[in-house]
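The values are calculated or read from the model by the stated rules, or taken from the named source; none is laboratory data. Not measured: the values here are computed from a predicted model. For neighbour counting, all protein chains shown are included, and Cβ atoms are generated from backbone atoms with ideal geometry for every residue, glycine included.
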């Protein structure tokens with residue numbers, strides 16, 4: 001687990017500069033964030049990870065507990081637990097962290113469409129709610145809420161999934177699976193409900209933010225074996241992003257993204273993770289023997305060539 005405090009001089013465009021601390025989870029190459037208000041010491045936890053080993057079926061809370069330890073050690077108060085989208089490559093720790101902190105949970109409002117889609121995949125019973133009630137708040141384009149004294153602005157960000165959102169807090173934007181670090185490019189769009197053209201359009205919106213805006217992605221895949229990284233800027237993405245440098249319009253980007261996505265295997269945890277994440281990061285209820293079980297539908301997704 002690596003932790004980095006990210007701080008820069010306050011840009012003129014920013015009404016506030018949140019403190020951003022990043023926690024890299026190496027197993028899934030995910031980045032969790034603690035974004036806090038220096039004035040009030042209130043914070044939000046963004047895209048927290050519940051550890052899961054698919055080989056043994058074991059679940060652990062090391063990554064989420066690291067966030068809790070950081071919050072405790074820095075005398076922070078957790079107001080929000082925010083997911084940017086229903087993750088396909090790791091379990092969300094939102095449910096666990098809500099139990100531990102009492103903070104409110106939130107995700108994009110179109111998660112209800114994702115729930116309905118995957119309810120059919122998993123053949124869940126009618127009793128499984130597809131109204132987003134597993135979260136305390138469903139956020140939409142243009143919504144504003146607060147972390148302490150800081151405004152959080154929501155940008156609807158479809159493309160990678162149909163329910164993704166970006167959280168903009170002062171001079172920082174948490175952009176999940178849209179743009180990655182410039183040397184890795186952009187996110188895949190081939191999941192059910194994904195759309196490369198929609199991703200192009202939200203990338204243009206992100207790049208319309210002031211050049212100094214700090215951008216924080218949901219993953220880093222360390223191309224070339226470099227060390228993990230998770231902060232860029234709008235200006236840097238414009239000048240260095242390897243996919244944006246190859247494409248100049250929506251048609252070219254969609255063609256590039258579709259060609260790349262056709263060669264990618266499905267994430268190894270997609271069928272494991274979505275049944276947890278559709279329930280707000282809650283594990284299935286124990287059965288009569290006290291054991292929890294995941295349900296894996298066969299032949300529901302396209303066949304993947306063996307690695």
Worksheet item: If you go through segment 240-251 one residue at a time, how many are touching a helix residue (DSSP H, G or I) at 6+ places or on another chain (Cβ under 9 Å) and part of a helix (DSSP H, G or I)?
Response: 2
Worksheet item: Could you count how many residues in segment 137-171 are in a strand (DSSP E or B) and either modelled with pLDDT under 95 or within 25 Å of residue 102 (Cα to Cα) (or both)?
Response: 17
Item to complete: Taking only segment 81-96 into account, find how many residues are within 21 Å of residue 190 (Cβ to Cβ) and surrounded by fewer than 24 Cβ atoms within 10 Å (Cβ to Cβ).
Response: 2
Worksheet entry | Filtered residue count, segment 32-80, keeping only those that are loosely packed, with under 14 Cβ neighbours inside 10 Å and outside any loop (DSSP other than H, G, I, E, B) | 7
Worksheet item: Would you pick out the residues in segment 227-236 that are in contact with a strand residue (DSSP E or B) (Cβ under 9 Å, 6 or more places away or on another chain) and not in a loop (DSSP other than H, G, I, E, B)?
Response: 232, 233, 234, 236
Item to complete: Go through 60, 66, 88 for me and flag whichever is touching a helix residue (DSSP H, G or I) at 6+ places or on another chain (Cβ under 7 Å) and over 21 Å from residue 171 (Cα atoms).
Response: 88
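Residues are listed down the side, and each one gets a yes or a no for (1) over 19 Å from the mean Cα position of the chain (by Cα); (2) at pLDDT below 95; (3) assigned to a helix (DSSP H, G or I); (4) under 27 Å from residue 27 (Cα atoms):
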site: 189; (1), (2), (3), (4): no, no, no, yes
site: 198; (1), (2), (3), (4): no, no, yes, no
site: 212; (1), (2), (3), (4): yes, no, no, no
site: 238; (1), (2), (3), (4): yes, no, yes, no
site: 257; (1), (2), (3), (4): yes, no, yes, yes
site: 267; (1), (2), (3), (4): no, yes, no, yes
site: 282; (1), (2), (3), (4): no, no, no, yes
site: 293; (1), (2), (3), (4): yes, no, no, yes
Item to complete: Taking residue 137 as meeting all but one of (1) surrounded by 23 or more Cβ atoms within 10 Å (Cβ to Cβ); (2) within 27 Å of residue 271 (Cα to Cα); (3) out of contact with any helix residue (DSSP H, G or I) (no Cβ under 8 Å at 6 or more places or on another chain), write down the number of the exception.
Response: (1)
